[in-house]
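What follows draws every value from the coordinates through simple rules; no lab data is involved. Model, not experiment: these values are computed from the prediction. All Cβ positions, glycine included, derive from the backbone under ideal geometry; neighbour counts span all protein chains shown.
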Amino acid sequence: MIARRVRLVSSVAAVVLATACTNSFEIPIETPIRPKLDVGAFQRVLVAGFIAGGSEDVDGNLETTRLLRSQLRSKSELRVIDSDVLPLMDVATEGRNADSGGAQAAAPAPIKEQKDLEAYEHVFANVEYWKRIGEEYQQPLIVTGTVMFTPLQRNQIVQQEREVYDSFGRRRVVPVRTYMERKGFSLDGRFIFIDGRSGATLHSESFGEQILYNANQTTPALSSYFELMDRLIPSFLSTLSSQKIKGTRILLQ
Amino acid sequence: MRIAASVFALLVALAAAPLAADARNDAKKQVEFGITVAQRGLWREAIYRWERATQIDPTYAAAHNNLAIAYEHEGDLSKARAAYEKALELEPGNALIKQNYELFKEINDRTTRQTR
């Protein structure tokens, strides 16, 4: 990303030079981005809930459901259904126990790592279950998926700026590379879009974002969660609704 | 024999040069008209003009660049990419085309990002 920015800045400098010698015209454009999913058949959307795990400081199921509902309310034409968040982990566990004869009713095991999710993912393929939910809420588009919000710790080389003074007392700022401990969070998972009429999965989209801070910086888990979700929301929304991206380009003669 | 062939080749080249210049002039008129209409928001007409320009003179990088911008504005990102790539193939050192292409790629990457 930084490399791309640097390339862009240097190309802008080159462009200024080139513009002086070429017949060129700057023109504003609006690039329409079509939604990845055709939601024309739906008037309502149900953000049902998520299989969530990782940090215990954030309830990934509740927070993700709340955030997506509020984003869809303001940025999508679909009517957002207000309902209780589905306890998908319990549903998945019950389904598994029923499949194995229903002898033991084991409580859902806590999800600490990505691989722990595998035990619950079968719930998304349960067409009958989603069809029943769809009938209950008048056949909406159903949004569900997985969310893993996990703490991260990494030692890495970081470039910092340091003030130095020469023998004449002149101040200079020099880049210094230091090896330091950093802490933060990662947010990984999958948004799954289900047709409430048939219970079938229409589209699924994986995501993964990380954020790292200096080890001495204290950032609440919830604010990191929202910071990471902020990065994912545009991609999530572009699945359901069209967007226009404004920019400028150079026409040449 | 070799001299005669060389003279013939030279004559062909000399005869072809004005034709190429004519093609570029005709294409340039289409490009200029396309720019005028695009500036007034008539992007479909601009696309028609720039497509004509690339048919008349397929080596005209500016026409491919403008066409790419128009496709981008219409939301046809696959055609836009192909047109930018053609423009850059013809003029790899053109900083203005490169800049347009970088900006296009940012948008294109955003739409395809994280869809696995």
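What the table shows:
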{"quantity": "Amide N of segment A:174-205 lying under 20 Å from the label point, which is placed 7 angstrom from the Cα of A:Lys112 along Cα→Cβ", "calculated": "A:184-189"}
{"quantity": "For A:Arg44, distant residues with modelled amide H under 5 Å away", "calculated": "A:Arg79, A:Leu141"}
{"quantity": "Distance in nm between pseudo-label sites at A:Glu227 and B:Ala20 (7 Å out along the Cβ direction from Cα)", "calculated": "5.7"}
{"quantity": "Contact order relative to length of chain A, as percent, for alpha carbon pairs under 8 angstrom and 6 or more apart", "calculated": "28"}
{"quantity": "Cross-link table A:Lys36/B:Lys28; A:Lys115/A:Lys183; A:Lys246/B:Lys86; A:Lys75/A:Lys112; A:Lys244/B:Lys105, entries beyond 27 Å C-alpha to C-alpha", "calculated": "A:Lys36/B:Lys28; A:Lys75/A:Lys112"}
{"quantity": "Rg/Rh (Cα only; Kirkwood hydrodynamic radius) as it applies to segment A:120-230", "calculated": "1.31"}
{"quantity": "Shape category assigned to segment B:27-112 from the gyration tensor of Cα positions, a/c cut at 1.5", "calculated": "oblate"}
{"quantity": "Square roots of five times the Cα gyration tensor eigenvalues for chain A, Å", "calculated": "43, 30, 13"}
{"quantity": "Net charge of Cβ neighbours under 9 Å - reference A:Thr150; Lys, Arg +1; Asp, Glu -1", "calculated": "-1"}
